[in-house]
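Trainee: Just passing along the structure, written as structure tokens.
Taken together, the values in this text are just the output of simple stated rules run on the coordinates, not laboratory data. From a predicted model like this one, the values you see are computed outputs, not experimental measurements. Don't worry about glycine lacking a Cβ; one is built from the backbone with ideal geometry, like all the others, and counts go over all protein chains shown.
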Amino acid sequence: MRFLARRARAQAALLAVLAALVALVTATAAAGSGLVVQRSDAITTTELASRQGAPGALVLQTRAGQDPQAQDDALVTLLGDLIAASGGTPQDGAALDVTRAWVGESLTLQREDAAAGAAFLATAADLAGRADLIDGRWLSEPGASADEPGVVPALLPVSAADRAGLGVGDVVALGREGALRLQVVGTFAAREPSAPLWTAADSAQLTGEQQVTGPFVVAEATTIPGDPYLRWTITPSGAPLVSDGAAPLAAALAALPAALEATDDFAPRGLTETGTLADTLAELAAAAADARAVTGVALVMLAILGLLCLSQVARLLARARAAHSRIMLARGAAPGRLVAMEVAETGVLAALAVALGAALGLAVAPGGGLVALVALPLAWAAIALPAVTGILRPEQAGRGTTLVRGVSAGLIVLLAALSTWRLLSLVGSSSWTALEAALALPAPGLAVLACALVLLVALAPVWAAMDRIAVRAPVTPALGLFSVARTSRSQAVPVLLLAAAVGTTGVAATYAASAGAARADLLAAQSGADARIQLPPRGAVSAAYPPRDVAPLADVPGVTATARVNRVTGDVGGVEAELLAVPASLLPDVMALPDGTGADPDALAAAITPAPPAAGGLDGAREVTLSLQQSGGTTLPAQTTAQLSVLAWFVDAAGAVRWQESAQEVSFGDNRVSIPQPAAGESLLALDLTARVPAPVQELSLALAAVGSGAEQGGSPTGWRGTTWSAPPGDPVLTASWSTTVHGRLLPPAPEALPAVLSPTLAQALDASVGDALEFSGAGYPLAIEVAAVAEVPGVPGFAVLVDRDGWVAQTVAFSRGVPDADEIWIALADPVTAAVGEDPEGGGRPALERQARALGGTALWPDLAAAGTAVGTPAFALVAGAALVLAVVGLLAAAAVSVRDRRAEVLTLRAIGMSARGQARARALEPAVVTLAGILCGLVVAAAVSALVTPALVRLSVPAVVSVTVHVHPWWLATAVAVLGAGGVVTALVVARTVTRQARDTAHREETR
């Protein structure tokens, strides 16, 4: 033991370097692994909690049976069993909440003064905790009883109360005979209307087909008449969810409806469902798996680089001990005994260093303990193998040694090619086996190592040229150049480490930049805007449903533009596609176009802008001439007057709709009728006409005869169309048979076909090109379109059609009695990233927009900036790049230290022939400078080659939905790597120069100076 201790003290510096390297790699890997787990879990929990509406809920509904409590217990028990069967834990199940409510059937709603349609009753758990009382009292408060005996107190959403014209104190009757009487004792509004718990809360049927007033919230389920339903709403509970728990929950929720429906005692009369929480969890599980794969690549790169650095420094240690080993073998020491000493020494060293590194890593981020178990044997082998090899097979030059090294390098290159091929072939696969992952994950690290080895071989002509140049150089630089050129095999260690470090940093820099750009492009393509407000479905604009006021959005700090947008799913040429209607005039301001699409916002806006009608415009029109006629066997006296109602629809440049109504008496024949006038910036969208006569007429017609300015009668209404919604629009003549009323809509001139932009995938599926005429059928009416351009349509992944919203509305009103309101509000922000992460420096940003969204009854949608793949992968690669730089600098210093010690005799020889200490220092300092430069240049080549090869595959792992990947690079990452390694080279040169100077000036007699 004393001998081992003395032997270790003799090489204490190199052993300390090895221990530090092992601890560094272990700590980095353990911390990185722990951070990956923590970050993946945090992102999974955060993204699950952020899902609003149907994506964050699963709602199940069935008829109440004989034992409702047994039904409730059966659902909860079955859900737990399915989670366990899918591999989940009780902690995973705690991430879900199950809320039960009673829901009544739709019943006739009658008020004391008039019939008011239909309504339904329901119970609501913890309503006061998730809603705000607007007027009246909660049911649990004193004084919340009805004013009359037999009347049930109830709460009503304020939106439903406004639509039905009800207020606190009003009494309504439910049922055809009004058997159940309710009194509204309070109105409430959801605190978070987009919260998953409110999914389908305003409908008695989960299908949403029946529009009814409600829910009238009552305190007791026994109050609900008829055959009520039980409704369970499964939502995230807010409890932490580990990323590994998302997949079991997704599988359990996907299987739950079928399992419940198969249980007759639970769902005796069927089961209905809505919500996509299972799909959301499946997406999060897939994202977490992708994140683990990407970070696995980064950690394997760290392991490969760490093993490379350890093995090379261990080779330096073996070279430093070579003379000692030869002496001991010459004096009769058994090789096995020396090998046992090396194995024991390196084992103790590796164990202590791994323990220290694991402790540091776990202190930073718990969860990476498994890394220590893997790191110990790998580190032990990397350190012990060169030492054992140096004893059993002393390093000698010759063909055999050269052949072994060449074969080893060739095997590494072959393994790198195989691993890279496997990685490229597996990208896009839904799942990897353990063997596939073991082959694919080392690909980038092996590729970096293989490229660095190839470049080392390619440097041979460079060293030869340097040797020739040194012949003609002055003495001082010549010595440095000669040394590097003629000891290239010894210099291969630091060059290889430097090239691998720069290559690793280059891969990290290109991955981070490319993945970020791909994610941003995909978000722009999927979202379409910096932020969106998704509005709840509603009927067309009417007195009961006035147009939503989006003006307050413009006052939010940071908002630069807003636009009303509609989406319609339909059929075009036999292919299902989604139509996106955006105002052409606002499209350049609000649409976020991804980089690399080649699309120009102004060009898209110009492509979808409809051409103005050739004739029949409304500029200056103040009156129209209407001809009221009657015919057939049953007519009225010619002097009979009729009541005419004119409802004018106007739309402004922002898409806001306004209507104005007027009425007057008209007679049979031509009548000059004044029409309401648009305000500044508005245009006339349509005229709704209703003429009523005292008695039925066999044939009654109302025709548009002329359009005038008021001073003149005007000309014929060229281009005008008329519709009664029972047939496609035609001549501006409205007719009725055997009726006292003729009504319909007059439409101003409009283009026959709307110009449209088709997505490339849709154009390819339809084999369509610019100029082709197509028909889009959606929402129950046909829309004639003409292909104006083929380009990516942001906001609609897949088959997409982009048209001008104003033109689309003008076409839609010919087939629909109402005027469509917006489905979404698109918002442009001055600083989208800052707003999305919730920073609110000036009262704007995410909080303010979410308040506005709640005021509109909608949901604020934001780009998913914290996607698991990029959010976890980028920090992991950054961590690996930093560790690679440290390893390279330490390896460079270690190589220089060994070289300085081994070449002490050379210093004395040069001193003996008259070379000064300063001259020797300058010559020797040139060596690490040349080596550093060569390593950095080789590393840049390695980075370029490997990044171009593997970065697209790594990006597709992080962002699976991306269509194409453009390789980008973070120049500052590479610049930092070059600066750090350059500084390391300078420090090494200074250390070498100082040490050589001290050696040259040391004249004391000792063994090695003889």
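Trainee: Report the local net charge at PRO676: Lys and Arg +1, Asp and Glu -1, summed over other residues whose C-beta lies under 14 Å from its C-beta.
Mentor: Once all neighbours under 14 Å are counted, the net charge is -2.
Trainee: Neighbouring Cβ atoms within 10 Å as the yardstick, rank MET301, MET466, MET915 fewest first.
Mentor: Arranged by neighbour count, lowest to highest, MET301, MET466, MET915 become MET915, MET466, MET301.
Trainee: Once the dipole of the chain is set up with Lys and Arg at +1 and Asp and Glu at -1 on Cβ about the Cα centre, which of ALA154, THR569, VAL541 lies farthest towards its positive end?
Mentor: Of the candidates, THR569 comes out farthest on the positive side.
Trainee: Hey, any idea what the orientation-averaged projected area of the convex hull of the range 623-747's Cα atoms comes to, in nm²?
Mentor: Its average projected convex-hull area is 8.0 nm².
Trainee: Provide the net charge surrounding GLY32, with neighbours chosen by a C-beta distance below 14 Å and charges set as Lys +1, Arg +1, Asp -1, Glu -1.
Mentor: That sum, taken over residues with Cβ under 14 Å, equals +2.
Trainee: Rounded to the nearest 0.05, what FRET efficiency is calculated for ALA334 and VAL407 with R0 set to 30 Å and r the Cβ-Cβ distance?
Mentor: 0.50
Trainee: Could you run the Karplus curve 6.51 cos²θ - 1.76 cosθ + 1.60 with θ = phi - 60° over the range 497-512 and give me ³J(HN,Hα) per residue in whole Hz, x for Gly and Pro?
Mentor: For the range 497-512, the Karplus-derived couplings read 5, 5, 5, 5, 5, 5, x, 5, 5, x, 4, 4, 5, 6, 5, 4 Hz, x marking Gly and Pro.
Trainee: May I have the convex hull volume per residue, in Å³, for the Cα set of the range 49-286?
Mentor: 124 Å³
Trainee: Still on this structure, please answer the following. What residues have an amide H closer than 5 Å to that of GLY778, excluding those fewer than 5 places away on the same chain, when H is modeled at 1.01 Å from N in the peptide plane?
Mentor: Correct list: ASP571, LEU783.
Trainee: Once Rh for the range 326-383 is found with the Kirkwood sum over Cα pairs, what is the Stokes-Einstein diffusion coefficient at 20 °C and 1.002 mPa s, in µm²/s?
Mentor: 165 µm²/s
Trainee: Magnitude of the Cβ-charge dipole of the range 623-747, K/R +1 and D/E -1, about the Cα centre, nearest 20 debye?
Mentor: Around 180 debye, computed over the range 623-747.
Trainee: Taking 0.36 nm per intervening residue step and subtracting the Cα-Cα distance, what contour gain separates ALA680 from ASP772 on full extension?
Mentor: This chain segment gains 29.4 nm when fully extended.
Trainee: Let me ask something else. Tally Lys and Arg at +1 and Asp and Glu at -1 over the other residues with C-beta under 12 Å from the C-beta of ARG745: what net charge comes out?
Mentor: Local net charge: +1.
Trainee: Nearest 0.05, what FRET efficiency do SER631 and THR741 give at R0 = 22 Å with Cβ-Cβ as r?
Mentor: That pair, SER631 with THR741, gives E of 0.85.
Trainee: Starting with the fewest neighbours, write out LEU446, LEU766, LEU802 ranked by other beta-carbon atoms found within 10 Å of each beta-carbon.
Mentor: With the fewest neighbours first, LEU446, LEU766, LEU802 line up as LEU766, LEU446, LEU802.
Trainee: Roughly what would the spin-label model give for ASP731 and ARG326, points 7 Å off Cα along C-beta, in nm?
Mentor: Simple spin-label model gives 11.5 nm for this pair.
Trainee: Roughly what would the spin-label model give for ALA473 and ALA359, points 7 Å off Cα along C-beta, in nm?
Mentor: For ALA473 paired with ALA359, the spin-label model returns 4.7 nm.
Trainee: Note down the magnitude of the dipole of the range 49-286 about its Cα centre, charges +1 on Lys and Arg C-beta and -1 on Asp and Glu C-beta and zero elsewhere, to the nearest 20 debye.
Mentor: Computed charge dipole of the range 49-286: roughly 260 debye.
Trainee: Measure nothing but the geometry: give the 0 to 90° angle between the long axis through the Cα atoms of 399-426 and the longest principal axis through the Cα atoms of the chain, rounded to 10°.
Mentor: 10 degrees
Trainee: Using +1 at the C-beta of Lys and Arg and -1 at the C-beta of Asp and Glu, which of ALA353, THR874, VAL942 has the Cα lying farthest in the positive direction of the dipole of the chain?
Mentor: Checked the options; the winner is ALA353.
Trainee: Give the order of VAL965, VAL889 when sorted by the count of other beta carbons within 10 angstrom, beginning with the fewest.
Mentor: VAL965, VAL889
Trainee: OK, next. Based on the alpha carbons, how large is the Rg to Rh ratio for the chain when Rh follows Kirkwood?
Mentor: Result for the chain is an Rg/Rh of 1.13.
Trainee: On to the next question. Ignoring everything except DSSP H segments at least 4 long, calculate the 222 nm mean residue ellipticity for the chain; use -39,500 (n - 2.57) per segment, divide by total residues, nearest 500.
Mentor: -16000 deg cm²/dmol
Trainee: Test of understanding: what is the full-extension gain from VAL991 to GLN643, defined as 0.36 nm times their sequence separation minus their Cα-Cα distance?
Mentor: Gain on stretching VAL991 to GLN643: 114.9 nm.
Trainee: While we're here: Roughly how many Å is it from the Cα centre of the range 546-582 to that of the range 274-340, as a whole number?
Mentor: Each part reduced to its Cα centre gives a spacing of 53 Å.
Trainee: Further question on the same structure: Give the angle, between 0 and 90 degrees and rounded to the nearest 10, that separates the Cα long axis of helix 12-50 from the longest principal axis of the Cα atoms of the chain.
Mentor: In the chain, helix 12-50 runs at an angle near 10 degrees to the longest axis.
Trainee: Here's something else I'd like to know. State to the nearest 20 debye the size of the charge dipole of the chain about its Cα centre, where the only charges are +1 on K and R beta carbons and -1 on D and E beta carbons.
Mentor: 8920 debye
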